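Quick note: the coordinates plus some simple rules give every number you see, no bench work behind them. Computed from a predicted model, the values in this text were never measured in an experiment. Backbone-built Cβ (ideal geometry, glycine too); neighbour counts: all protein chains shown.
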Amino acid sequence: MLISKGIAVGEIVSIKLITGEELIAKLEEETTDYIKVNRPLTVSLGPQGLGMIPFVFLAQNESIKLKMDHVLVLAASKKDAADQYIQGTTGIALK
């Protein structure tokens with residue numbers, strides 16, 4: 001049997017909101033009331049396929065809190081999506 005270790009602070013996570021939006025971000029904190037994420041990007045479908053754009057364009061801080069009431073799913077991101085997120089937010093290319 002496989003035992004899941006859960007999601008740890010610092011991991012890249014995928015979040016599905018009750019609005020239908022899907023986000024990818026770095027998890028900073030998780031409580032029963034909210035999750036705090038860093039540099040959230042929303043996933044959008046464009047002519048070249050999936051793309052990632054900022055979730056909040058005009059926020060002063062790079063970290064935001066999302067109420068758990070608005071979160072349907074919180075899951076660890078697939079490796080290729082996490083690598084693309086890291087490259088897009090830091091400029092570091094992972095192989």
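Here are some notes:
- 13 Å tail of the calculated P(r), the stretch 35-94, as % of Cα pairs: 70 percent
- Across the stretch 60-72, coupling constants 3J(HN,Hα) worked out from phi with the 6.51/-1.76/1.60 Karplus curve, θ = phi - 60°, read 6, 9, 7, 9, 9, 10, 10, 5, 4, 4, 9, 9, 8 Hz, and Gly and Pro carry x.
- Extent of the stretch 1-62 along its three principal axes (Cα atoms, max minus min coordinate, largest first): 41, 33, 21 Å.
- Separation between Cα centres of the stretch 70-91 and the stretch 11-39, rounded to whole Å: 10 Å
- Karplus-derived 3J(HN,Hα), 6.51/-1.76/1.60, for each residue of the stretch 39-47, Hz, glycine and proline x: 6, x, 10, 9, 8, 10, 9, x, x
- Per-residue 3J(HN,Hα) values for the stretch 17-22, derived from phi via the Karplus relation 6.51 cos²θ - 1.76 cosθ + 1.60 with θ = phi - 60°, read 8, 5, 7, x, 5, 10 Hz in sequence order (x marks Gly and Pro).
- For GLU11, distant residues with modelled amide H under 5 Å away: LEU27
- Sum of side-chain charges, SER63 neighbourhood, beta-carbon under 14 Å (Lys, Arg +1; Asp, Glu -1): 0
- Dipole of the chain, positive end: most advanced residue of ALA59, ALA82, TYR34 [Cβ charges, Cα centre]: ALA82
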